Amino acid sequence: VARDSLTVYRTINLSLAVDLDRGGLLAPVIKNVAGLRVPDMARAIAKIAERARSNALRPDDMTEGTYSLTNNGSFGTFITAPVINQPQVAILSIDGVRRRPWVVTDDEGERIEIRPVGVLAHSFDHRAVDGAYSGAYLRLVKQILESREWMGEFLS
């Protein structure tokens with residue numbers, strides 16, 4: 001592969017940052033995540049993380065990642081600046097979700113409610129991803145997170 005080219009993949013293979021309890025960080029890969037429902041993805045994440053922490057990863061578990069996800073929020077962070085896992089061109093960091101006062105606007109006007117609020121940080125390589133495209137992607141992720149009934153996803 002030439003250094004001045006960009007490869008676009010047809011599948012989404014999610015590299016997942018896994019902390020080995022201060023023994024380093026690995027990014028094993030969950031293959032073909034686009035078709036997974038949320039509960040299936042949660043199970044796949046738990047399974048690959050457990051295999052990483054028990055030193056049971058296979059060589060194939062570390063290949064073909066196309067996008068990375070890291071959850072620094074498990075350490076109580078508010079916002080982080082994730083580093084891109086080369087040769088990928090982007091990574092999404094999910095930081096701590098905390099209950100905070102939040103202005104809610106609806107047909108009745110504005111009011112302050114206590115809501116779970118989190119921060120998503122997206123690092124990307126501008127040579128491959130336009131900043132406006134990244135911003136639109138984060139807006140879509142935000143809309144999905146705020147508009148779905150997540151407990152129903154896990155109970156169905």
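The values are calculated or read from the model by the stated rules, or taken from the named source; none is laboratory data. Predicted model only: the values in this text are computed from it and were never measured. Cβ atoms come from the backbone with ideal geometry, glycine included; neighbour counts cover every protein chain shown. Side chains included, ligands, DNA and RNA excluded: accessible areas come from the protein's heavy atoms. Shrake-Rupley method; radii C 1.70, N 1.55, O 1.52, S 1.80 Å.
Can you give the angle from 0 to 90° between the axis of helix 131-147 and the longest principal axis of the chain, with both taken from C-alpha atoms, to the nearest 10? Taking the Cα atoms of the chain, the angle to 131-147 is about 60 degrees. Simple rule: put +1 on each Lys or Arg Cβ and -1 on each Asp or Glu Cβ in the stretch 58-156, find the dipole, and look at Leu145, Tyr133, Ala121; the Cα lying farthest toward the positive end is Ala121.
DSSP bridge analysis restricted to the chain gives an antiparallel fraction near 75%, rounded to the nearest 5. Longest stretch of the chain clear of exposed loop sites (GluC sites (Glu not before Pro), DSSP loop, at most 13 other Cβ atoms within 10 Å, sites excluded): 1-63. Computed from Cα positions, the angle between helix 38-53 and the longest principal axis of the chain comes to roughly 50 degrees.
Based only on Cα atoms, what Rg/Rh ratio does the chain have, Rh being taken as Kirkwood's radius? Show your work: numbers first, answer last.
Details: Rg = 17.4 Å, Rh = 17.5 Å.
Expressed as Rg/Rh, it is 0.99.
When the solvent-accessible area of the chain is split by element, carbon and sulfur atoms take up 56 percent of it, the probe being 1.4 Å. The residues neighbouring Pro82, those whose beta-carbon lies less than 13 Å from its own, together hold a net charge of -2 under the Lys/Arg +1, Asp/Glu -1 convention. Taking K and R as +1 and D and E as -1, what net charge do the other residues with C-beta under 14 Å from the C-beta of Asn13 add up to? Here the charged neighbours net out to -1.
How far, in nm, would the chain grow between Phe154 and Ile79 when pulled straight, counting 0.36 nm per residue and subtracting the alpha carbon separation? Write out the running numbers ahead of the final one.
Values: separation 75, 0.36 × 75 = 27.00 nm, distance 2.71 nm.
Computed gain between Phe154 and Ile79 is 24.3 nm.
Taken per residue, the accessible surface of the stretch 1-154 reaches 70 Å², heavy atoms only and a 1.4 Å probe.
If you filter the stretch 33-116 for trypsin sites (Lys or Arg not before Pro), then keep DSSP loop positions with at most 13 other Cβ within 10 Å, what is left?
Numbers: sites: Arg37, Arg43, Lys47, Arg51, Arg53, Arg98, Arg99, Arg111; in loops: Arg37.
Sites meeting the loop and neighbour criteria: Arg37.
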